[in-house]
Amino acid sequence: MTLHEIGMGVPPERPVEAEDRSRGPAFDTLVAALPEAQREVVTMLKLGGLTLEEVARATSCTVGAVKQKAHRAYNRLRNLLQIEAEEGAKGAAQ
């Protein structure tokens, strides 16, 4: 019997949690503000790693409709992040 595993002397360090690296709101919080169809598309694309074609098949939409939903979702998320940043800057200035 041949083993294909390699032993390690010291286990690798765990990566820093996303919450520790991020200074903005959590992904779940931002995505919750989206309409359901946009939330579904963004989640499949970004968290699920699906392609536009795969999302289109899963949602019974055309690729063009998926692109449109994703584009609108990204614009809305960008606006929410900008508002969050402006509010944070106002709070820091006070």
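Between Ala93 and Arg72, take the C-beta separation as r, use R0 = 35 Å, and let me know the FRET efficiency to the nearest 0.05. Walk me through the numbers before you get to the answer.
On the way: r = 32 Å, r/R0 = 0.91.
That pair, Ala93 with Arg72, gives E of 0.65.
Taking 0.36 nm per intervening residue step and subtracting the Cα-Cα distance, what contour gain separates Arg39 from Thr62 on full extension? Don't jump to the answer; show the numbers that get you there.
Numbers: separation 23, 0.36 × 23 = 8.28 nm, distance 1.66 nm.
Extra length available between Arg39 and Thr62 comes to 6.6 nm.
Could you tell me the calculated FRET efficiency between Glu86 and Ala26, based on Cβ-Cβ distance and R0 = 22 angstrom, to the nearest 0.05?
0.75
Residues in segment 65-78 carry Karplus couplings, in order, of 5, 5, 4, 5, 4, 5, 4, 5, 5, 4, 4, 5, 5, 4 Hz; the curve used is 6.51 cos²θ - 1.76 cosθ + 1.60 with θ = phi - 60°, and Gly or Pro positions show x.
Every number in this text was worked out from the coordinates using simple rules, so none of it is lab data. Keep in mind it's a predicted model, so treat the numbers as computed, not measured. Every residue, glycine as well, gets a Cβ built from its backbone with ideal geometry; the counts of neighbours run over all protein chains shown.
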